[in-house]
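Okay, structure first, notes after.
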Amino acid sequence: MTNKKEKKRLIPTQIGYNKLAPYYNFLLYLSGGYLIKAQRKLIPFIEETSKALLVGEGTGNFLSKLIASNKVKTIFCLDISEKMIQICQKKNKQSVSSLGGNKRVHYIIGDLFCLYPNNLLDANQHLNNKSLFSLITTNFFLDQFKEHELEKIMQRLDMLLTPGGYWYFTDFTLPKNFFQKNLVKGLYIFFQKVCNIEADKVPDYHRHFLERGYTISLSKKSLFGVQTILYKKPGPEKKVMEK
């Protein structure tokens, strides 16, 4: 459950992303569409799977291509912004209808901690195996958390991912040159003011994955210091398509 302190911080963040929602795609296309292209780069290499959780999916730019790939039986889209979800639903309405409607794609408005209602827990208050996801995506999501918050977020996501499952990650990496440093700095200032996030620098995501025993199955770099990585959680073997 989300505690009172987290709720107080979450509310202004929700308001911020609701205000940003109508302009979000425009901001993405200011990059020449490279940020959208970056997060879609590894979709062709995802194997067919049963259930995926798209965390912080926003306006659905990743979802549209994932639906078109027809590789995931059931998709859950999670976002704290009601406005983002509304745009996502509208954008993908036709694609969702052609693939089985609400039985295939589900939309959840809330934060990550809302994924712990009673129907996800067994009698001993543990996650049911049926509630676990075989694929989790965090595209431009983890960068909005400070290190201590990131630890909790990744721990929760790790619990929701089945052993041997895949974590599809796209985000800005630690900036290496003057341009990247100033770009990232500017983006953090913007999202701090508009969306009330507290983070002010790119965290060391890779360290958190390594500490949990994840390995890199595939990785591709893009412009602006963005990297897309398909991480594999320890557990039963799963096949990944070769290039």
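Please treat every number below as a calculation from the coordinates, not as lab data. Source: prediction; values computed, not measured. Methodologically, a virtual Cβ is constructed for each residue, glycine included, from the backbone with ideal geometry; neighbour enumeration extends over all protein chains shown.
Listing for the model above:
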quantity: Qualifying position, being outside any strand (DSSP E or B), under 15 Å from the mean Cα position of the chain (by Cα) and not aromatic (Phe, Trp, Tyr), among ILE136, ILE153; calculated: ILE153
quantity: Subset of the stretch 183-219 [loosely packed, with under 13 Cβ neighbours inside 10 Å, in a loop (DSSP other than H, G, I, E, B) and not acidic (Asp, Glu)]; calculated: GLY213
quantity: Count - residues of the stretch 150-182 that are of a type in the set (Asp, Glu) and either touching a helix residue (DSSP H, G or I) at 6+ places or on another chain (Cβ under 7 Å) or surrounded by fewer than 17 Cβ atoms within 10 Å (Cβ to Cβ) (or both); calculated: 2
quantity: Selection from the stretch 75-93 of residues that are touching a Pro at 6+ places or on another chain (Cβ under 8 Å) and closer than 14 Å to ASN61 by Cα; calculated: ILE87
